[in-house]
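J.: Take a look at the following structure, please.
Coordinate-derived values only; no laboratory data. Note that the structure is predicted; figures quoted are calculated from it, not measured. With ideal geometry, Cβ positions are generated from the backbone for all residues, glycine too; neighbour counts draw on all protein chains shown.
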Amino acid sequence: MPSAPPKVAVYKFSSCDGCQLQLLNLETKLLELVGAVEIAYFLEARRRVLPPPYDVGLVEGSVSTPEEEDRIQQVRRDCKYLVAIGACATSGGIQALRNWANVEEYARYVYAKPEYLSTLETASPVASHVFIDFELRGCPVNQYQLLELVSALLTGRKPNISTHSLCIECKRLGNTCVLVAQGKPCLGPITQVGCGALCPKFNRACYGCFGPMEQPNIPSLGQWFTERLGHTPRDMKRMLRLFNGYLEPFKQASEHYERKEKGG
């Protein structure tokens with residue numbers, strides 16, 4: 001009797017759905033994947049829901065509400081392998097900017113009836129709440145890295161996901177360095193590869209949507225930006241507090257520049 005195909009579940013927490021759309025954007029490749037697995041839970045794509053347990057769970061989005069805090073625990077119990085996909089799930093995402101602010105004050109400005117809100121003080125990555133087996137960076141994730149990850153987990157091998165800096169990708173593509181040639185504040189030297197060097201390819205500085213590379217030398221790049229390009233500690237703080245600002249290397253560095261901004 002043939003064995004049942006592996007079951008894959010895709011979950012949404014606080015996010016924009018962009019990483020789930022990247023999975024759908026695989027199109028013909030997705031059809032091949034669907035032929036090899038059972039899409040058991042994926043509300044972005046289909047209504048049918050199969051009961052757990054699931055072999056692989058993909059989680060998009062940060063944990064931002066008490067309900068999500070409880071729900072991620074159940075998701076972890078339901079999945080053999082649990083993967084955080086995208087900047088929101090791996091770092092808290094752009095909504096983690098509130099982690100340095102007063103959430104109640106934000107709510108008063110944005111919502112007519114803030115007393116109806118139920119939210120946590122911070123927007124945090126999935127790994128702050130449960131054990132995850134792998135994380136896939138990006139805002140949004142690279143669709144082919146996503147396919148590689150799922151394929152590797154289902155076949156029992158290590159995913160082939162690079163963690164070096166974006167600069168290597170730029171060199172391979174023959175891009176002119178916007179930092180050296182034009183003096184633009186490019187975060188490529190400290191950012192993990194994965195986007196295909198999209199911004200430098202179009203003559204724009206990288207702004208770190210794939211998060212910090214393995215062992216980023218942020219002080220060295222910061223010294224270049226401040227001493228040679230004339231950027232202030234406030235500029236540095238704002239550059240580091242974007243999509244992945246709450247990931248530890250960027251978080252620590254931005255808080256360092258915030259202290260300098262205040263004269264500390």
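J.: Arrange Asp55, Asp70 by Cβ neighbour counts within 10 Å, fewest through most, would you?
T.: Result, fewest neighbours first: Asp70, Asp55.
J.: In what order do Leu187, Leu58 fall by count of nearby beta-carbon atoms within 10 Å, going from fewest to most?
T.: Placing the least packed residue first, the sequence is Leu187, Leu58.
J.: Could you give log10 I(q)/I(0) at q = 0.15, 0.28, 0.30 Å⁻¹ for segment 21-82, computed by the Debye formula over C-alpha point scatterers of equal weight, without solvent?
T.: -0.54, -1.34, -1.37
J.: Which percentage, to the nearest 5, of the DSSP beta bridges contained in the chain is antiparallel?
T.: 20 percent
J.: Next up: Which residues make up the longest stretch of the chain clear of trypsin sites (Lys or Arg not before Pro) that lie in a DSSP loop with no more than 14 other Cβ atoms within 10 Å, not counting the sites? If you can, show how the numbers build up before the last one.
T.: Values: sites that count: Arg46, Arg47, Arg48, Arg157, Arg204, Lys262.
With a cap of 14 other Cβ atoms within 10 Å, the longest stretch comes to 49-156.
J.: Treating only the Cα positions of segment 166-261 as identical point scatterers, give the base-10 log of I(q)/I(0) from the Debye formula at each q in 0.10 Å⁻¹.
T.: -0.23
J.: So which lysines can Lys237 reach, going by Cα to Cα under 27 Å and dropping same-chain residues fewer than 8 places off?
T.: By straight Cα distance, Lys237 reaches Lys184, Lys201, Lys251, Lys260, Lys262.
J.: Could you list Ser162, Ser62, Ser15 in order of exposure, starting from the residue whose Cβ has the fewest other Cβ atoms within 10 Å?
T.: Taking fewest neighbouring Cβ atoms as first place, the list is Ser162, Ser15, Ser62.
J.: Using 0.36 nm times the number of residues separating Tyr116 and Lys260, minus their current alpha carbon distance, what extension gain do you get?
T.: Using 0.36 nm per residue and subtracting the Cα-Cα distance, I get 48.0 nm.
J.: While we're looking at this one, here's another question. Would you kindly derive the ³J(HN,Hα) couplings of segment 6-15 from the backbone phi angles with the Karplus curve 6.51 cos²θ - 1.76 cosθ + 1.60 (θ = phi - 60°), listing them in order in whole Hz, with x for Gly and Pro?
T.: x, 9, 10, 10, 10, 10, 10, 10, 6, 6
J.: Between 0 and 90 degrees, rounded to the nearest ten: what's the tilt of helix 143-155 against the longest Cα principal axis of the chain?
T.: The angle comes out at about 50 degrees.
J.: Return the loop-located GluC sites (Glu not before Pro) in segment 54-161 (DSSP other than H, G, I, E, B) with at most 12 other Cβ atoms within 10 Å of their own Cβ; answer none if there are none.
T.: Working: sites: Glu60, Glu67, Glu68, Glu69, Glu104, Glu105, Glu115, Glu121, Glu135, Glu148; in loops: Glu121.
Qualifying residues, ordered by number: Glu121.
J.: Relative to the first principal axis of the alpha-carbon coordinates of the chain, what is the inclination of helix 248-261, with its axis defined by its Cα atoms, in degrees from 0 to 90 and to the nearest 10?
T.: Compared with the principal axis, the helix lies near 30 degrees.
J.: Residue-wise, which Karplus ³J(HN,Hα) couplings in Hz belong to segment 114-120, taking 6.51 cos²θ - 1.76 cosθ + 1.60, θ = phi - 60°, and x for glycine or proline?
T.: x, 5, 7, 6, 10, 9, 7
J.: With viscosity set to 0.890 mPa s and temperature to 25 °C, compute the Stokes-Einstein D of segment 7-155, Rh being the Kirkwood radius across alpha carbon pairs; µm²/s, no decimals.
T.: 155 µm²/s
J.: Compute the separation of the alpha-carbon centres of segment 19-47 and segment 125-170 and state it in Å as a whole number.
T.: If we compute the Cα centre of each part, the gap is 17 Å.
J.: Under the rule a/c < 1.5 gives rounded, and otherwise a/b versus b/c splits prolate from oblate, where does segment 50-91 land using the Cα gyration tensor?
T.: oblate
J.: Give me the net charge of Asn175's neighbourhood, meaning all other residues with Cβ under 10 Å from the Cβ of Asn175; Lys, Arg count +1, Asp, Glu -1.
T.: Working: positive: Lys171, Arg172, Lys201; negative: Glu169.
Here the count lands on +2.
J.: Here's a follow-up. If you take the beta carbon distance between Glu148 and Gln223 as r and set R0 to 41 Å, what does 1/(1 + (r/R0)^6) give as a FRET efficiency, to the nearest 0.05?
T.: 0.70
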